[in-house]
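Heads up, the thing below is written out as structure tokens.
The values are calculated or read from the model by the stated rules, or taken from the named source; none is laboratory data. Since we're looking at a predicted model, the values are computed, not measured. Here the Cβ is made from the backbone with ideal geometry for all residues, glycine too, and neighbour counts use every protein chain on show.
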Amino acid sequence: MSKFKKKSTSSQDIPTAALPDIIFMLLFFFMVTTVLRETEIKVEQRIPRAEQLVKLEKKKLVTYLYVGKPKDKSLGTEPLIQANDAFIGIENIVQWINEEKSKLAENERDQITVSMKVDNETKMGIIVDIQTELREANARKIMYATPQKTEDN
Amino acid sequence: MARSKNKGSQEVNAGSMADIAFLLLIFFLVTTQIATNKGLTLLLPPKNEDDEPIEIKQNQKNVFKIQVNSADRLLVEDEPLEDVALIEDMVYDFVLNFGNPSNTKKGNDKMSDVDVYNTLPASMKSYISRNLGSKESSDGPTSAIVSLKADRGSSYEIFIEILDALNAAYNRIYGERVGLTAEEFRKLNRNNPKEQELYDRARLGIPKAISIAEPTTQGG
């Protein structure tokens, strides 16, 4: 039996002195990559997935439109359009685009990209109406924001 | 010399540092949403004053028609289609058909169908000469248009699914043209001049002509 009892005398503890450093590194990573949400999204957002995604390079030129059923049930069940913090009607999109354009530098105004985050239960009617208004406002670059499709779904 | 030191250690106790850092880490983990700036891009046609649809001017065989009704059923080239995934191959064949390649230089790139054909790699040329070249389908990539007409009552989900398939077809064409897979082409970093050059070469003369037609108001 004594043959097997030859334990090594070295300590079996894992050194944890570097643990805080590792944690700090992770912490800094998340602090740097975090973008605190500026707007509260008031519409339902279950976005359909797609495969052929393209990444937008210039983030500054992107403005966001959210479309979906309002979370607040008292507003009905018809899909609404949210721009920044408030709901806007179809007829106000041109005005909203012009406001967003005026925030950009003059030479970049034509390159404004509208990223649309649309709930998957939305009907195409409202999307087409938005597109018509965007054409009217000369904001022709649009993007349907979607998460990446994964293998299993 | 009043140097009465106390015997106790002068170090700050750093044992709980990890706990504090963990707490902060978890806070940021929970509140983070890594910004998703990805999606399917589309360029809308310019605002047209005379409201004349482009389709009328185009020869019907140069338009690949996809229609969706309010029950999310598809009509592709006037034939019902159940499986959306088939659209990718159909569009691929449609764009690269070269049924009647013209010599006229078109568009911003000043490329004709014949010029485009000459830039294709040998594998694509042999595929085209073996399987395509139908007189019933498109004349060539410079005039091919994919028209997607979705009913007002159709769902956004199916629209994205179709748009995804269309983009997949075009990315496959562009990728194969410069010897990449569709995925590699899609991930080209356009801030890198070398990759930008590859991207431009892939797209030269083959416009991504996806037209979202005005939908009918009547459910079908």
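Just to be sure, is B:Ala150 within 12 Å of chain A (Cβ to nearest Cβ), within 11 Å of the chain's Cα centre (by Cα) and surrounded by 19 or more Cβ atoms within 10 Å (Cβ to Cβ)? Before you say what the answer is, go through the steps one by one.
Working: within 12 Å of chain A (Cβ to nearest Cβ): yes; within 11 Å of the chain's Cα centre (by Cα): no; surrounded by 19 or more Cβ atoms within 10 Å (Cβ to Cβ): yes.
It is false that B:Ala150 is within 12 Å of chain A (Cβ to nearest Cβ), within 11 Å of the chain's Cα centre (by Cα) and surrounded by 19 or more Cβ atoms within 10 Å (Cβ to Cβ).
Report yes if A:Ala137 is over 16 Å from B:Ile160 (Cα atoms), small (Gly, Ala, Ser) and within 13 Å of chain B (Cβ to nearest Cβ), otherwise no.
Details: over 16 Å from B:Ile160 (Cα atoms): yes; small (Gly, Ala, Ser): yes; within 13 Å of chain B (Cβ to nearest Cβ): yes.
In short, yes.
Look at B:Glu176 and say whether it is in contact with a Pro (Cβ under 8 Å, 6 or more places away or on another chain), of a type in the set (D, E, K, R) and either more than 30 Å from A:Asp119 (Cβ to Cβ) or buried (at least 18 other Cβ atoms within 10 Å of the Cβ) (or both). First the steps, then the outcome.
Values: in contact with a Pro (Cβ under 8 Å, 6 or more places away or on another chain): yes; of a type in the set (D, E, K, R): yes; either more than 30 Å from A:Asp119 (Cβ to Cβ) or buried (at least 18 other Cβ atoms within 10 Å of the Cβ) (or both): yes.
Here the answer is yes, as B:Glu176 does meet what is asked.
Consider A:Lys101 carefully, then state whether it is at pLDDT 85 or above and away from chain B (no Cβ under 14 Å).
Values: at pLDDT 85 or above: yes; away from chain B (no Cβ under 14 Å): yes.
Here the answer is yes, as A:Lys101 does meet what is asked.
Give me the strands (runs of 3 or more DSSP E) completely within region A:18-96, filtered to those with at least 3 residues that are of a type outside the set (Lys, Arg) and more than 13 Å from chain B (Cβ to nearest Cβ), ordered by residue number.
Those strands (runs of 3 or more DSSP E) span A:80-83, A:86-88.
In region A:104-127, how many are away from every other protein chain (no Cβ under 14 Å), assigned to a helix (DSSP H, G or I) and either modelled with pLDDT of 85 or more or more than 14 Å from A:Lys59 (Cα to Cα) (or both)?
So the first thing to find is which residues in region A:104-127 are away from every other protein chain (no Cβ under 14 Å), and the list is A:104-109.
Narrowing further to those that are assigned to a helix (DSSP H, G or I): A:106-109.
Then keep just the ones that are either modelled with pLDDT of 85 or more or more than 14 Å from A:Lys59 (Cα to Cα) (or both); that gives A:106-107.
So the answer is 2.
Against the condition closer than 17 Å to B:Phe64 by Cα, among the β-branched types (Val, Ile, Thr) and not in a loop (DSSP other than H, G, I, E, B), how does B:Ile128 come out, does it pass?
Working: closer than 17 Å to B:Phe64 by Cα: no; among the β-branched types (Val, Ile, Thr): yes; not in a loop (DSSP other than H, G, I, E, B): yes.
The answer is no for B:Ile128.
How many residues does region A:77-89 contain that are surrounded by fewer than 13 Cβ atoms within 10 Å (Cβ to Cβ) and modelled with pLDDT of 85 or more?
Within region A:77-89, the first condition is being surrounded by fewer than 13 Cβ atoms within 10 Å (Cβ to Cβ), and the residues that meet it are A:77-78, A:85-86, A:89.
Restricting the remaining residues to those that are modelled with pLDDT of 85 or more gives A:89.
Within region A:77-89, residues that are surrounded by fewer than 13 Cβ atoms within 10 Å (Cβ to Cβ) and modelled with pLDDT of 85 or more number 1.
Test each condition in (1) buried (at least 19 other Cβ atoms within 10 Å of the Cβ); (2) under 23 Å from A:Lys42 (Cα atoms); (3) not hydroxyl-bearing (Ser, Thr, Tyr) for A:Ala139 and report the one that comes out false.
Failing condition for A:Ala139: (2).
Can you name every one of the helices (runs of 4 or more DSSP H) wholly within region B:147-220 that holds 3 or more residues which are closer than 28 Å to B:Glu82 by Cα? If you could, list the steps in order and put the result at the bottom.
On the way: elements: B:156-177, B:182-186, B:193-203.
In region B:147-220, the matching helices (runs of 4 or more DSSP H) lie at B:156-177, B:182-186.
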